[in-house]
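The structure appears below as structure tokens.
The values are calculated or read from the model by the stated rules, or taken from the named source; none is laboratory data. Just so we're clear, the structure is a prediction, and the values are computed from it rather than from any experiment. Every residue, glycine among them, receives a Cβ derived from its backbone with ideal geometry; neighbour counts consider all protein chains shown.
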Amino acid sequence: MVKLGERESTRNAYGVALAELGEIHPEIVALDADLAGSTQTRRFADKFPERFFEMGISEADMMCTAAGLAVSGKIPFVSTFVIFGAGRAWEQIRNTICRPNLPVRICLSHGGISIGEDGSSAQACEDFAIMRSIPNISVIVPCDAAETKALIHEIWDKPKSPVYIRMTRNKVPTILDENDQSFHQKFTLGKAVTLREGSQATIIACGQMVAVGIQAAEELAKEGIEVRVVNMSTIKPIDQDAIEKAARETGRIVTVEEHNIYGGLGGAVAEVVTERYPVPMRRVGVRDVFGESGSPDALFEKYGLTPKNVVKAVKDLVKS
Amino acid sequence: MVKLGERESTRNAYGVALAELGEIHPEIVALDADLAGSTQTRRFADKFPERFFEMGISEADMMCTAAGLAVSGKIPFVSTFVIFGAGRAWEQIRNTICRPNLPVRICLSHGGISIGEDGSSAQACEDFAIMRSIPNISVIVPCDAAETKALIHEIWDKPKSPVYIRMTRNKVPTILDENDQSFHQKFTLGKAVTLREGSQATIIACGQMVAVGIQAAEELAKEGIEVRVVNMSTIKPIDQDAIEKAARETGRIVTVEEHNIYGGLGGAVAEVVTERYPVPMRRVGVRDVFGESGSPDALFEKYGLTPKNVVKAVKDLVKS
Amino acid sequence: MKVKEMKREMITAKVMKTAPESPVNIERVSPFSQTRDEKVLREIAREVRKDIIRMTTEAGSGHPGGSLSATDLLVALFWGEMRHKPNDRYWADRDRFILSKGHGCPALYSVYARTGYIAHEILPTLRKLGSPLQGHPCMIHLPTLEISTGSLGHGLSVGNGMALAGRLDGKDYRVYVVMGDGEQQEGSVWEAAMSGAHYKLDHVCGIIDYNHLETEGTVEEVMDIAPLAEKWCAFGWHTIEIDGHNFDEIFAALDEAKATKGKPTMIVAQTVKGKGVSFMENNVGFHGKSATREQMEQAIKELDESE
Amino acid sequence: MKVKEMKREMITAKVMKTAPESPVNIERVSPFSQTRDEKVLREIAREVRKDIIRMTTEAGSGHPGGSLSATDLLVALFWGEMRHKPNDRYWADRDRFILSKGHGCPALYSVYARTGYIAHEILPTLRKLGSPLQGHPCMIHLPTLEISTGSLGHGLSVGNGMALAGRLDGKDYRVYVVMGDGEQQEGSVWEAAMSGAHYKLDHVCGIIDYNHLETEGTVEEVMDIAPLAEKWCAFGWHTIEIDGHNFDEIFAALDEAKATKGKPTMIVAQTVKGKGVSFMENNVGFHGKSATREQMEQAIKELDESE
Ligand SMILES: Cc1ncc(C[n+]2csc(CCOP(=O)(O)OP(=O)(O)O)c2C)c(N)n1
Ligand SMILES: Cc1ncc(C[n+]2csc(CCOP(=O)(O)OP(=O)(O)O)c2C)c(N)n1
Ligand SMILES: [Mg+2]
Ligand SMILES: [Mg+2]
């Protein structure tokens, strides 16, 4: 049984993990753009001030500086908010990190609408799409703090190519698998994890929407609808086999993401589904609109990212 | 019967159309970032020097300046290469053009690998994905010079929201519909055009890949395989009905685009297909790698964007 | 005109039925009148500062520090400098104002309320779901805004665009853009600097709220921007350094800007982050955090008691 | 050492079997030796210029103008300044070179060939399918490159990153970055300027190829960057203005840069676009267009006959 445990933000776990890794691996350096307190790279900076580079509000410069460090043998972890990293510095990431295929870890926080009260200028719901369209880079969206920690430890030095990680501001429940308390420790790049079995549909989610998917599955179970729940934390390279298996075995797929319904997880899954084993899908996500100020929960409600929305999408498929 | 006519680059048609429109509509202004000769805004600049703003190699500044002009009642046409406009200035487009929903026309040239010898730093194959993930913006990829002209005349003042147009450097054949020589003049935002009928599969293409799709269809016809060919010049808002119709009536879909196979036209079609009427698909495009220097034709050959590749994809589906 | 009276009349502006182009509609008949009287302006600024404290505490988040440092600049512009009509917000000849450091919007919202663009009653909705007062300025939610901001480094370019449009249209409106000092680290600011000078946009006047703090500490430590005035000079701007809390100096600079032809002007205004509230002054802790209720009471008291 | 002899030996370097990390492999045994002898350098520069003309004409595209203007700078750096070993390209202590104005790569490729990093025979493959000599420098295709470039405005930041890494590793290598004058319009250049000064990267030396032309015309008309030296000064760089075709001045500036402590140095080198070929000099038409075969012959003749 999957349970939702204590709440912790993924960015917090990132900061803790980075500071831990810094102790062991002197080649790790970190860069931030005047947001180290928010992204939690401050934890690394405080421990290793000489390996931390505060770049000021200059995201483009930060990405290319990281490239220069990487090409000189360092493993740079680069952080800021998603919108300013993946967005403002997209072309720097594309041309000077991905094109030369450098091992930069682009670990951005405050993605999605859960950034909340700051409003739409920072509520990036485009990052899955814009990052996964670039060759060479891996795209990872951890579902909770524990997975974040496990993945940072896993990816710090492999792959030797760029990695993008999307984290969020708010505290999210830790997902506990009671049969396998430690499933997070097995984080493997490109491998989806099935959190719950079910035969009538599969919910494929990432980030904090995995917990939403689990809640939806539980509600559906009460009504006798048994759905599989898959944590697709790696959006690229995506686990095609897990998707095909879900399509074959459950015949229906609902994706859930804190992202635009265009081009993100839903799009990536649809690409695989249509190529491997076409089945009907629903994509739960932000419906191609800008967000606004509000609490994360109020926004999830307004923008359709609640268990209720997922339940509705599953039922929609099951009855059609 | 559809025939391939004279060759002209889409950017050339754009420059001509823009200069024509400038004559009629004094609210039109144009901006470029030291590439007006290449993007063809030079034609407008020469005629209306006081309404042309050369911004130098400052794409971010150019986009936000255009926003300031738009909010003051002008209709700005903004041009540079795709990689420097959609890429370098992505966040400016997102936050200061799309977020306030301003009628800026982002008309970028030299997209895709057909830019040729300049190599991978400028061969943007991510723009469909990164532009369509932003709310409010329309994404258009004209198939030839004639369509470019028609669409520029259509969209210059409507929608009142941002529009992105992707053009290419090389000369591409004009697509002539012998039954309806003027079909380009009917360009309607969001409406796909069927260029050829067929029942065994549908090729959905955009940009210069439409001509490739037509050639593929002709080759297939010789082998007795009749496929529909659809020009999906509007990638967003995408013509969902045309896609559903193709799925229902032909049962198989092959998308063809000068773009990464992730997140672009293929992704957009797969999203609709899985939601509306799941059928098997193949996505012909650049297979998530960076391009390189070479002639457009040599690159199309090497990166799998020839009629041969489309034929293979269709056969793959038809026999499976 | 007595400020206390003016204030009372100000807040009579009411939220009215929705305008077609906007989710908000505000009756813009207001008794607003302009002045450069320092005593009056200081009273207004005091009220604006109180609004800022209340709004952000009520919201439980927001950026009080940079709102307080910019307050006197905004008050000077809206009451003593800009040509504008709160009861005709789309007046084509109005001077344009852009808050490029969008996170300082509580100050702007208060100024909008106290000049009569919006109802004072809506200030407590800051950052709440459905409010026109978004966490960062959004013109879709609040059409009074000249442009949406929030991502640093965009505003000056937008201002240049408005200035180019004005020139094309033969209008003589001026464009005012307030930026942060941390914001100067964005390269796009320097692109805008270059093009503003290149196009000789002497109807653009930028103001830098040089409060020496950004999110993570002092600007000097995070990424030094000094010598700032020299940079703007080298980029071809007429540059004036002033005390950003001294109305005489602010107006002298604004007048000088207006008199300067052939190049845009940048006013580098030395300010104090958190200005007016003892425990917020020069305290980086209040860059992006609001006061607690108790702190709020204390702050209001201090402001009320200050001269 | 006679230049003619050196040249002959240079081109004996052969393309060898593929190295594990790269699609290209070049035997890097070369008789390369460094010198600041002006006569020798001028001969080398002449040959580099001939290579540039031949390569771009052979390719039918490319950027001869900006390659020719940067030639003397590159020759000075590789022959007379930088610490490097063409037969040990990954030598950890080598000085780093970044061509931020990546479109000028024909000059760099020729320099690589003539110093022995790559075989001279591969120069005619420029811009052809499968060539290590991509239209814009790509280190995946040519690992000799320190970084891939082609998108303007990235190189100085990358150089700063290399410099920070060198400092962390206790190495004393220096980093040289050549930029275009049009490139100065990119805001990210000024971000890099700020951080280079902030981190006191005195082992970074930038050089601006101030040829006064970009794609669409003169830099002054397109988007003026003057006064350029003042800008770099205001951004905290030690700034030196020189004639970029005068080896004495180039070396004096490079020496001064090395002697400057506590701040990075920017050398503003006045150059002539198309330098060395009469009909290309100051001709914007040859920014992004190669010479015809006839023009090529003419250019080679001119170069051969010039002193
Ligand atoms: C491009 C961009 N990067 C980062 C941020 C996040 N951010 C918001 S405020 C701020 C600090 C701004 O400092 P400053 O300009 O000095 O403003 P002030 O001191 O006036 O509040 C940062 C980094 C942003 N809004 N935009
Ligand atoms: C970011 C970016 N925008 C546009 C271009 C296209 N481009 C290539 S060269 C060039 C002009 C460069 O001028 P300059 O820096 O003066 O170079 P040079 O005169 O030395 O050739 C432009 C606009 C580019 N490579 N990168
Ligand atoms: Mg500040
Ligand atoms: Mg130049």
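Odds and ends about this structure:
- Reported count of residues in segment A:196-211, each being surrounded by fewer than 24 Cβ atoms within 10 Å (Cβ to Cβ) and not small (G, A, S), is 3.
- Against the numbered list (1) of a type outside the set (D, E); (2) in contact with a Ser or Thr (Cβ under 6 Å, 6 or more places away or on another chain); (3) buried (at least 24 other Cβ atoms within 10 Å of the Cβ), B:P296 comes up short only at (3).
- Number of the condition not met by D:S131 [criteria: (1) in contact (Cβ under 8 Å) with a residue 12 or more places away in the chain; (2) in contact with a helix residue (DSSP H, G or I) (Cβ under 7 Å, 6 or more places away or on another chain)]: (1)
- Those strands (runs of 3 or more DSSP E) lying entirely in segment D:195-288 with at least 1 residues within 14 Å of chain B (Cβ to nearest Cβ) and more than 16 Å from ligand 1 (Cβ to nearest atom): D:204-210
- Index of the failed condition, A:E219 passing every other in (1) in contact with a strand residue (DSSP E or B) (Cβ under 8 Å, 6 or more places away or on another chain); (2) in contact (Cβ under 8 Å) with a residue 60 or more places away in the chain: (1)
- Selection status of A:E154, out of contact with any Lys or Arg (no Cβ under 7 Å at 6 or more places or on another chain), touching a residue at least 12 places away in the same chain (Cβ under 8 Å) and not assigned by TED's automatic domain parsing to the domain that holds A:F300: yes
- Among the residues examined, B:F48 does not qualify as assigned by TED's automatic domain parsing to the domain that holds B:M167, surrounded by 24 or more Cβ atoms within 10 Å (Cβ to Cβ) and not basic (K, R).
- Screening C:L164 with (1) more than 7 Å from chain B (Cβ to nearest Cβ); (2) touching a residue at least 12 places away in the same chain (Cβ under 8 Å); (3) over 18 Å from the mean Cα position of the chain (by Cα) gives one miss only, at (1).
- Checked against (1) within 14 Å of another protein chain (Cβ to nearest Cβ); (2) surrounded by fewer than 24 Cβ atoms within 10 Å (Cβ to Cβ); (3) within 23 Å of C:E281 (Cβ to Cβ), C:H103 meets all criteria but (2).
- Residue pairs whose Cβ atoms lie under 8 Å apart, sitting 6 or more positions apart in sequence or on different chains, and linking a residue in segment A:116-131 that is at the interface with another protein chain (Cβ under 7 Å from one of its Cβ atoms) to a partner that is part of a helix (DSSP H, G or I) and of a type in the set (S, T, N, Q), are A:S121/B:N95.
- Residue count for segment C:196-219 satisfying the condition of being within 15 Å of ligand 3 (Cβ to nearest atom) and surrounded by fewer than 19 Cβ atoms within 10 Å (Cβ to Cβ): 2.
- Positions within segment D:127-147 being more than 7 Å from chain B (Cβ to nearest Cβ) and among the small types (G, A, S), in sequence order: D:G130
- Single condition D:V222 does not satisfy, out of (1) closer than 24 Å to D:L77 by Cα; (2) crowded, with 18+ Cβ neighbours inside 10 Å; (3) within 16 Å of ligand 2 (Cβ to nearest atom): (1)
- Residue check: B:T255 meets all listed conditions (1) under 23 Å from B:V82 (Cβ atoms); (2) part of a loop (DSSP other than H, G, I, E, B); (3) more than 8 Å from every other protein chain (Cβ to nearest Cβ); (4) hydroxyl-bearing (S, T, Y) but one, namely (2).
Every residue, every condition in (1) touching a residue at least 24 places away in the same chain (Cβ under 8 Å); (2) under 17 Å from the mean Cα position of the chain (by Cα), yes or no:
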{"site": "B:I225", "(1), (2)": "yes, no"}
{"site": "B:S233", "(1), (2)": "yes, yes"}
{"site": "B:K245", "(1), (2)": "no, no"}
{"site": "B:V273", "(1), (2)": "yes, no"}
{"site": "B:R283", "(1), (2)": "yes, yes"}
{"site": "B:E292", "(1), (2)": "yes, no"}
{"site": "B:D297", "(1), (2)": "no, no"}
{"site": "B:D316", "(1), (2)": "yes, no"}
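- Among the residues of segment C:85-112, just one is in a helix (DSSP H, G or I) and either more than 23 Å from C:G150 (Cβ to Cβ) or β-branched (V, I, T) (or both), namely C:V111.
- So D:T144, is it of a type in the set (S, T, Y), surrounded by fewer than 24 Cβ atoms within 10 Å (Cβ to Cβ), more than 29 Å from D:E186 (Cα to Cα) and away from ligand 3 (no atom under 16 Å from the Cβ): no
- Screening the candidates B:T80, B:T65 for the property of being surrounded by 24 or more Cβ atoms within 10 Å (Cβ to Cβ) and facing chain C (nearest Cβ under 10 Å) yields one hit, B:T65.
- Taking segment A:129-178 as the region of interest, the strands (runs of 3 or more DSSP E) fully inside it that hold 1 or more residues being within 13 Å of the chain's Cα centre (by Cα) and closer than 24 Å to A:G68 by Cβ are A:138-140, A:163-166.
- Test: residue in segment D:170-187 that is out of contact with any Leu (no Cβ under 7 Å at 6 or more places or on another chain) and within 16 Å of ligand 1 (Cβ to nearest atom): yes
- Matching entry among D:I208, D:I250, D:I240 (being within 13 Å of ligand 4 (Cβ to nearest atom), on the phi < 0 side of the Ramachandran plot and touching a residue at least 12 places away in the same chain (Cβ under 8 Å)): D:I208
- Test: residue in segment A:94-101 that is in contact with a Ser or Thr (Cβ under 9 Å, 6 or more places away or on another chain) and more than 8 Å from chain D (Cβ to nearest Cβ): yes
- Meets criteria (assigned to a loop (DSSP other than H, G, I, E, B) and either hydrophobic (A, V, I, L, M, F, W, C) or in contact with a Leu (Cβ under 9 Å, 6 or more places away or on another chain) (or both)) for A:I225: yes
- Condition check for C:M179: within 16 Å of ligand 4 (Cβ to nearest atom) and touching a helix residue (DSSP H, G or I) at 6+ places or on another chain (Cβ under 9 Å): no
- When A:F53 is tested against (1) within 12 Å of chain D (Cβ to nearest Cβ); (2) within 26 Å of A:D239 (Cβ to Cβ); (3) among the aromatic types (F, W, Y), exactly one condition is not met: (2).
- Counted residues, segment C:167-194 - those being part of a helix (DSSP H, G or I), surrounded by fewer than 23 Cβ atoms within 10 Å (Cβ to Cβ) and under 22 Å from the mean Cα position of the chain (by Cα): 0
- Restricted to helices (runs of 4 or more DSSP H) entirely inside segment B:1-118, those with at least 1 residues that are under 19 Å from the mean Cα position of the chain (by Cα) are B:10-24, B:36-39.
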